[in-house]
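Some notes on the structure that comes next.
Every read-out reported here was derived from the displayed coordinates using simple, explicitly stated rules and does not represent laboratory data. Bear in mind that the values here come from a model prediction, so they are computed numbers and not experimental data. FYI the Cβ positions are ideal-geometry reconstructions off the backbone, even for glycines, and counts take in every protein chain you see.
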Amino acid sequence: MSDLFFGTDLFSEFDRLQRQMASVFGGFPSSIRSGRFGAFPPVNIGATDDSIEIVAFAPGLKPDKFEVSIDKGLLTISGEREAAQPEDDPEVRLYAQERFTGTFRRVVELPQSADPDKVQARYANGCLSISVGKREASKPRAITVQ
């Protein structure tokens, strides 16, 4: 007879433990390649036949507060977000703060098909849209059969 006894099914205990761990660490990515929890600015990344499209959601910033660069296949978005209200105001007692302030930096690994010489960036309505063109050799093309 075993010294180890579970009053219930062992697999249901593992399931319960997994649910408890998920509630403790809820909201974190399930994969190491997933985005960081709470990373600022959040980004969407997609592609068309001609370009890679990155949209960073950063409301309340001015276009000159962003620094965008590409080096060795990595697109870097960095800058600083200032506080919405002065922190040195003695009349304001802050009880909760959910809006991120301070410096930020996001790095996106671009595919090999990205052409660093074909980059456009614009900021409108709180979204920084970056379009990175693809190299001509990597674009899809039709082959004529003779």
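Listed values, structure above:
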{"item": "Hits in segment 48-61 - residues which are touching a residue at least 12 places away in the same chain (Cβ under 8 Å) and either among the aliphatic types (A, V, I, L, M) or part of a loop (DSSP other than H, G, I, E, B) (or both)", "result": "ASP49, ASP50, ILE52, ILE54, VAL55, ALA56, ALA58, PRO59, GLY60, LEU61"}
{"item": "Residue list for segment 110-127, filter: aliphatic (A, V, I, L, M) and either at positive phi or touching a Gly at 6+ places or on another chain (Cβ under 9 Å) (or both)", "result": "LEU110, ALA114, VAL119"}
{"item": "Answer residue from segment 82-107, given it is without any contact (Cβ under 8 Å) to a residue 40 or more places away in the chain and within 18 Å of SER129 (Cα to Cα) and is nearest to the chain's Cα centre (by Cα) among those", "result": "VAL107"}
{"item": "Whichever residue in segment 93-126 is of a type in the set (Val, Ile, Thr) and surrounded by 10 or more Cβ atoms within 10 Å (Cβ to Cβ) and, among such residues, is nearest to ALA58 (Cα to Cα)", "result": "THR101"}
{"item": "Single unsatisfied condition, GLY79 versus (1) in contact with a helix residue (DSSP H, G or I) (Cβ under 6 Å, 6 or more places away or on another chain); (2) of a type in the set (Gly, Ala, Ser); (3) under 19 Å from LYS134 (Cα atoms)", "result": "(3)"}
